[in-house]
Amino acid sequence: MTIAVLGGAGYIGSHTVAQLIKAGEDVVVLDNLITGHRRAVDPKARFYQGDIRDYHFLSQVFRAEHIDGIIHFAAFSIVPESMKDPLKYFDNNTGGMITLLEAMHEFGIQHIVFSSTAATYGEPKMIPIKETDPQVPTNPYGESKLAMEKIMHWADVAYGIHFVALRYFNVAGAMPDGSIGEDHHPETHLIPIILQVAAGTRDGLQIFGDDYPTKDGTNVRDYVHVVDLADAHILALAYLQAGHPSDAFNLGSATGFSNLEILEAARKVTGKPIPATIGPRRAGDPSTLIAASDKARTVLNWQPHYDNVEAIIATAWQWHEARPEGFGDKR
Ligand code: UDP
């Protein structure tokens, strides 16, 4: 069986490629390398550089390879950037999905697992958030992903392309053997920013807002290890290939940590003081996001191995400490 991983040179994509290769799968990676890293891709995967908005590129790859299923990560995912440049998000994320579905339809590829996000829920009314809760995004990134879910639904109805939408909460950590990890330019995510301060490659950290209605006034998020997340994609594809219908699943730990708690945990893991200041709120940030993730556990039999945030931060720290410049291929 050949699996195409779109965005397989990115953070979550590269960890999924590595897990697929470990499981003995035949893997093809498609990535435009705008944000991804060629060096992050397991050498056992066949690599094609190109853009999912390019129908000609997709059809060339789908003609050359017999693809049995797709895992799709190729998207922009920075909330503040999406607030400033929403059309970039609708073009790449939503528009890219339309081109991809056209190519899948043309080449008879019937299964796709795709990255959705907790950001599709917006500011939740109830915590923990269930898959059936209202989806009312507070930023264009979440809106672009919600549109992708809806488009996939209608492509399923019309063409029988079955999908699993995995709604991620906050992803962190790195491959425990130190081979790959998180390397974004610019970095905007809390844990890598904290660890860059700890590693001495960044001067300081600003916590965005401490006047939210939470335990200490800072935002609360639900963290999952990137390898556990990668494994959920493999289970989701197997679920579709076993003949199950399209569905959406939250991927989280059902536990929330405030930004200050994450900072404290990182100080403990690294043994570094990690100076921080409190700044204004960041536009588009919901105050609390915690997943109900029992559906993925029962239906997909997903069993995350990392159940505490310090262990997650420890794998990320191992990567950042050993590779402060990341893959070293981007400025
Ligand atoms: N955050 C912060 N300072 C930073 C980066 C992030 O206080 O330099 C906060 C952000 O406002 C949010 C949390 O950390 O409350 C997680 O943000 P991140 O960008 O990592 O993930 P998101 O929740 O947006 O997917």
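Since every read-out is calculated from the coordinates, none of them should be taken as a lab result. Quantities reported herein were computed from a predicted structural model and do not represent experimental measurements. We place every Cβ from the backbone using ideal geometry, glycine too, and count neighbours over all the protein chains shown.
Are there DSSP H segments in the chain that both extend 18 Å or more along their axis (alpha-carbon positions) and score a mean Kyte-Doolittle hydropathy of at least -0.5? List them, or say none. If you can, show how the numbers build up before the last one.
On the way: long enough: 140-159 (27 Å, -0.31); 226-241 (23 Å, 1.27); 309-322 (20 Å, 0.30).
Passing helices, by number: 140-159, 226-241, 309-322.
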Highest-MSF residue in the chain out of His162, His37, His244 [GNM, Cα springs under 10 Å]: His244
Rg over Rh, two decimals, the chain (C-alpha only, Kirkwood Rh): 0.94
Highest-MSF residue in the chain out of Glu264, Glu123, Glu143 [GNM, Cα springs under 10 Å]: Glu264
Segment Lys330-Ser179, extension gain: residue separation times 0.36 nm, minus the distance between their alpha carbons: 52.6 nm
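Let me know the shape class of segment 242-319, please: from the alpha-carbon gyration tensor, a ≥ b ≥ c as square roots of the eigenvalues, rounded when a/c is under 1.5, otherwise prolate if a/b is greater than b/c, or oblate.
On the way: a/c = 3.23, a/b = 1.68, b/c = 1.92.
In terms of gyration-tensor shape, oblate.
Is the shape of segment 93-195 rounded, prolate or oblate, going by the alpha carbon gyration tensor and its root eigenvalues a ≥ b ≥ c, with a/c under 1.5 for rounded and a/b larger than b/c for prolate?
Details: a/c = 2.16, a/b = 1.37, b/c = 1.58.
Since a/c reaches 1.5 but b/c is at least a/b, the shape of segment 93-195 is classed as oblate.
Among DSSP beta bridges lying fully in the chain, give the percent that are antiparallel, nearest 5.
In the chain, approximately 5 percent of DSSP beta bridges are antiparallel ones.
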Inter-label distance for Lys88 and Asn308, nm, one decimal - labels placed 7 Å from Cα along Cα-to-Cβ: 3.9 nm
Eligible lysines near Lys125 by straight Cα distance, threshold 27 Å, same-chain separation 8 or greater: Lys84, Lys145, Lys150, Lys215, Lys295
Residues of type aspartates and glutamates that Lys44 reaches as a straight line, Cα spacing below 12 Å, ignoring anything fewer than 8 places off in the same chain: Glu25, Asp26
Choice from Gly122, Gly284, Gly108 with maximal GNM fluctuation in the chain (Cα, 10 Å cutoff): Gly108
